[in-house]
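Q: Got a structure for you, questions after.
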Amino acid sequence: MKHQDDLEGIQLTVDAAAKALSEAKRVTVLTGAGVSKESGIPTFRDAQTGIWAEFNPEELATPEGFLANPPLVWKWYDFRRKLLGDAKPNPGHYALVELEKYVPKVTIVTQNIDGLHQKAGSSDVVELHGSITRFHCFDNQHEAKDVPYELEEPPSCHCGSMIRPAVVWFGEALPSKAFTRGVTECEFSQVILVVGTSALVQPAASLPMAGYNRGAKIIDVNPETNPVTQISFLSLMGPSGEMLPKVVAVLAKRKGQS
Ligand code: APR
């Protein structure tokens, strides 16, 4: 009996989420590591296996860590790029692509560096923490193209500075254009989906509040409660690869009827 109540509860929440989305003109989707979990991508801490187990990721993923031992940090990113391998988007990523059919403006603002939203086909993706497959130089942020993988150490830029992965390290500011865009999208959205993020790492964690303060309805999609749950209008407690397709299926039906 309890199981059936739970299922009915989930269905009611899914229906309410679809209704809110069907009425929205602008939706922002904030995503974190959880949305890629069902694609088999280990988070940064889970990825510390084998020879890398003895290193602390918070020391490697810093400008100081890179300058202290450039070949080490270079090889660690090579290793993580390999872990990403040919990971494929999962049904959660694809449901967010589908959402674009039913909402006039959908923007994905992601903390992930894995590029899976773009691979799935989302048309407007703002990367807050950069991308593991792009590079720029350390001193001047000159973009570097066609950087070969599996080098023993970072190559040099034409300006002489070392090339590094174009990701945001601990202690570094987020790219200001991306962050400002994220805030603006949240402020002007009627609904904000917060998917698979522990909402603990600032300043990305402040984005749901920026929308909430302007009256946006927050929908949290996460198997665990987290700080965003408290300000959420609805909480879809389950894996995003299951929850998002359910919501979009109901939305498609509603829109088909209207
Ligand atoms: N579907 C949805 N959410 C999930 C799933 C799933 N299948 N599995 C786990 N989660 C949730 C967890 O409950 C957790 O709240 O995803 C969240 C992942 O949290 P973090 O690992 O802290 O990821 P994130 O919030 O993206 O971290 C932010 O911190 O590690 C740094 O720079 C890194 O961008 C990252 C940032």
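The values are calculated or read from the model by the stated rules, or taken from the named source; none is laboratory data. As the structure is a prediction and not an experimental result, all values here were calculated from the model. Here Cβ is always computed from backbone atoms with ideal geometry, including for glycine, and neighbour counts include all displayed protein chains.
Q: Can you name the residue in the stretch 120-144 that is part of a loop (DSSP other than H, G, I, E, B) and within 16 Å of the ligand (Cβ to nearest atom) and, of all such residues, is farthest from Y77 (Cα to Cα)?
A: L128
Q: Residues that are of a type in the set (K, R), over 17 Å from L236 (Cβ atoms) and within 15 Å of the ligand (Cβ to nearest atom): does the stretch 1-19 have at least one?
A: The answer is no, given that none of the residues of the stretch 1-19 is of a type in the set (K, R), over 17 Å from L236 (Cβ atoms) and within 15 Å of the ligand (Cβ to nearest atom).
Q: Could you check the stretch 86-119 and list, in sequence order, the residues that are away from the ligand (no atom under 12 Å from the Cβ), part of a loop (DSSP other than H, G, I, E, B) and under 20 Å from K177 (Cα atoms)?
A: G115
Q: In addition: Would you check which residues across the stretch 229-242 are more than 19 Å from K88 (Cβ to Cβ) and not hydroxyl-bearing (S, T, Y) and list them?
A: Result: Q230, I231, F233, L234, L236, M237, G238.
Q: Still on this structure: For S232, all conditions in the list (1) closer than 24 Å to E185 by Cα; (2) small (G, A, S); (3) out of contact with any strand residue (DSSP E or B) (no Cβ under 8 Å at 6 or more places or on another chain) hold save one; what is the number of the exception?
A: So S232 meets the others, but not (3).
Q: Then there's this: Only residues that are in a strand (DSSP E or B) and farther than 30 Å from V106 by Cα: list them for the stretch 145-176, please.
A: If the condition is that a residue be in a strand (DSSP E or B) and farther than 30 Å from V106 by Cα, then S156, M162, I163, R164 are the ones that fit.
Q: Answer yes or no as to whether L30 is at pLDDT 95 or above and either touching a His at 6+ places or on another chain (Cβ under 8 Å) or within 12 Å of the ligand (Cβ to nearest atom) (or both).
A: For L30, the condition - at pLDDT 95 or above and either touching a His at 6+ places or on another chain (Cβ under 8 Å) or within 12 Å of the ligand (Cβ to nearest atom) (or both) - is met.
Q: Sticking with this one: So how many residues does the stretch 205-217 have that are surrounded by 15 or more Cβ atoms within 10 Å (Cβ to Cβ), modelled with pLDDT of 95 or more and either small (G, A, S) or closer than 16 Å to G34 by Cβ (or both)?
A: 5
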